[in-house]
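Q: Take a look at this one; I'll ask things after.
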Amino acid sequence: MQIQTVTGAIAPESLGTTLMHEHTLCDLWEWGGRYEYNGILDDEELQAEELARYREAGGTALVDVTTIGAGRNPAGMRRLAEATGLHLIMGAGWYRERVYPREVYELSTNRLTDRLIGEFADGADGTGVRPGIIGELGTERFHISPAEERVFRAGARAQRQIGAAITTHTTYFGDLALEQVELLLEEGVRPDRIVIGHVGERRDVSLELAIARTGAYVQIDHVGRKPRSGAQPERQRARNVVAIARAGHLYQLLISMDICGKPALHWNWGHGYDYLLRTFVPLLQEEGLTEAEVRTILVDNPRRVLTF
């Protein structure tokens, strides 16, 4: 059993504090019919500087869930890992239907499965860089489309052969979260290999507790987002983390920030990759989490998810 990083496999005990849902290099310029320079992260030197601040704050690892359709850059990620000394884990698969490539519509579910398995065996895009997690696999709102279902089933079938966990994107803070879990369970994925993302942004945690009761991981990964973006105030977000832990689901909790654009970087007057450790963790402790519980969320739970 090991954890696959972009520079090679490591022993699980080598993984320390980990952000489970981030983007280091991505390209979301053409997004939903509009064009946005802020959605491009392609300055490797700048990203190395930003990530160094995270390492200085105590971070040791980061999961980059940038997938096909969102500008994934395997070779660039490897260079960033070498420059920063961080353990970077790369995602695999197809992001959301609005950025799916033609192959999602042209290939069968099993052919897509084979594509994923091939990346884990041989590396992505001819670079030899291997993924360490499947996803983020996303759905839009209201219903799972046929193309999204094909991607999720392909991810599930690959998961059963590879063993790597699946991490997901939910739109509007949890829409279709339980449907995602149901679909993956139907394909035979164990619930403890499923991470449901982009939740924790409502004033109560009824949805999060329902997800946790399935056995899946609950990922509150918009730490640092401002209420004007539709997210929760930071203290309520922290209270949601504590509420889930106190309901008996500490060992199914993950937290992250989902940095995916220039405005979040220190260089652009944003909060940066170190914000969660420097600001949010103290807030969690103010709300009642112990140091040991914080370690469970940031170290122990990621180790379990990423080991296969």
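Q: Quote the charge dipole size of the chain about the Cα centre in Debye, to the nearest 20; the model charges only the Cβ of Lys and Arg (+1) and of Asp and Glu (-1).
A: Values: 34 positive and 43 negative charges, 107 e Å.
With Lys and Arg at +1 and Asp and Glu at -1, about 520 debye.
Q: May I pose another question? Among H21, H249, H222, which comes first, then next, by fewest other beta-carbon atoms within 10 Å?
A: Values: H21 30, H249 18, H222 23.
Final ranking by Cβ density, sparse to dense: H249, H222, H21.
Q: Cut-off 10 angstrom, C-alpha nodes, Gaussian network model of the chain. Which of A158, A247, A83 fluctuates the most?
A: Between A158, A247, A83, it is A247 that shows the largest mean-square fluctuation.
Q: About the Cα centre of region 1-134, how large is the charge dipole given +1 on each Lys and Arg Cβ and -1 on each Asp and Glu Cβ? Please answer in debye to the nearest 20.
A: Values: 12 positive and 21 negative charges, 74 e Å.
The calculation lands at about 360 debye.
Q: Please give the net charge around T109, taking every other residue with its beta carbon less than 9 angstrom from that of T109, where Lys and Arg add +1 and Asp and Glu add -1. If you can, show how the numbers build up before the last one.
A: Values: positive: R111, R150, R153, R157; negative: E149.
Neighbour charge sum, excluding T109 itself: +3.
Q: Order of E106, E149, E30 from fewest to most other C-beta atoms within 10 Å? Kindly include the intermediate steps, with their values, before the conclusion.
A: On the way: E106 9, E149 15, E30 12.
Least to most surrounded, the residues fall as E106, E30, E149.
Q: Between E49 and E13, what FRET efficiency follows from the Cβ-Cβ distance if R0 is 35 Å, with the result rounded to 0.05?
A: Values: r = 29 Å, r/R0 = 0.82.
Using R0 = 35 Å, I get an efficiency of 0.75.
Q: Nearest-5 percent of antiparallel DSSP beta bridges in the chain?
A: Values: 7 of 27 bridges.
In the chain, DSSP labels about 25 percent of beta bridges as antiparallel.
Q: Which is farthest toward the positive dipole end of region 3-306 among G224, L183, A243, measuring Cα position about the Cα centre, with Cβ charges +1 (Lys, Arg) and -1 (Asp, Glu)?
A: Towards the positive end, the residue furthest out is A243.
Q: For every helix of n ≥ 4 consecutive DSSP H residues, a contribution of -39,500 (n - 2.57) applies; sum these over the chain, divide by its total residues, and give [θ] at 222 nm rounded to the nearest 500 deg cm²/dmol.
A: Values: 11 runs with 105 residues, N = 308.
It comes out at -10000 deg cm²/dmol, rounded to the nearest 500.
Q: Where a ≥ b ≥ c are the square roots of the eigenvalues of the C-alpha gyration tensor, would you call region 98-173 rounded, which needs a/c under 1.5, or, failing that, prolate if a/b is larger than b/c, or oblate? Don't jump to the answer; show the numbers that get you there.
A: Values: a/c = 1.80, a/b = 1.50, b/c = 1.20.
It is prolate, given that a/c is not under 1.5 and a/b is the larger ratio.
Q: Here's something else I'd like to know. Which of the trypsin sites (Lys or Arg not before Pro) found in region 136-175 are in a DSSP loop and have at most 12 neighbouring Cβ atoms, other than their own, within 10 Å? Walk me through the numbers on the way to the answer.
A: Numbers: sites: R141, R150, R153, R157, R160; in loops: R141.
Listed in order of number, the matching sites are R141.
Q: With a ≥ b ≥ c taken as the square roots of the eigenvalues of the C-alpha gyration tensor of region 261-308, please select rounded if a/c is under 1.5 and otherwise prolate if a/b is larger than b/c or oblate if it is not? Write out the running numbers ahead of the final one.
A: Numbers: a/c = 4.34, a/b = 1.40, b/c = 3.10.
Taking the square roots of the gyration eigenvalues as a ≥ b ≥ c, region 261-308 is oblate.
Q: Here is a further query. Work through the residues other than T127 whose Cβ is under 12 Å from its Cβ and net out their charges, Lys, Arg +1 and Asp, Glu -1. It would help to have the intermediate numbers written out before the result.
A: Values: positive: R72, R78, R79, R130; negative: E119, D122, D125.
Every neighbour counted, the sum reads +1.
Q: Over the chain, with a Gaussian network built from C-alpha contacts below 10 Å, which listed residue (H266, H198, H87) shows the highest mean-square fluctuation?
A: Highest fluctuation among the options: H266.
Q: Now a separate question. Across region 122-139, in residue order, what do the Karplus-derived ³J(HN,Hα) couplings come to in whole Hz, using 6.51 cos²θ - 1.76 cosθ + 1.60 with θ = phi - 60° and x for Gly and Pro?
A: Each residue's phi maps through the Karplus curve to give 10, x, 9, 6, x, 8, x, 7, 9, x, x, 7, 9, x, 8, 9, x, 10 Hz.
Q: Return E187, E103, E136 ranked ascending by Cβ neighbour count within 10 Å, so the fewest neighbours appear first.
A: E103, E187, E136
Bear in mind that the values in this text are calculations on the coordinates, not laboratory data. Just so we're clear, the structure is a prediction, and the values are computed from it rather than from any experiment. Virtual Cβ from ideal backbone geometry, glycine too; neighbours counted across all protein chains shown.
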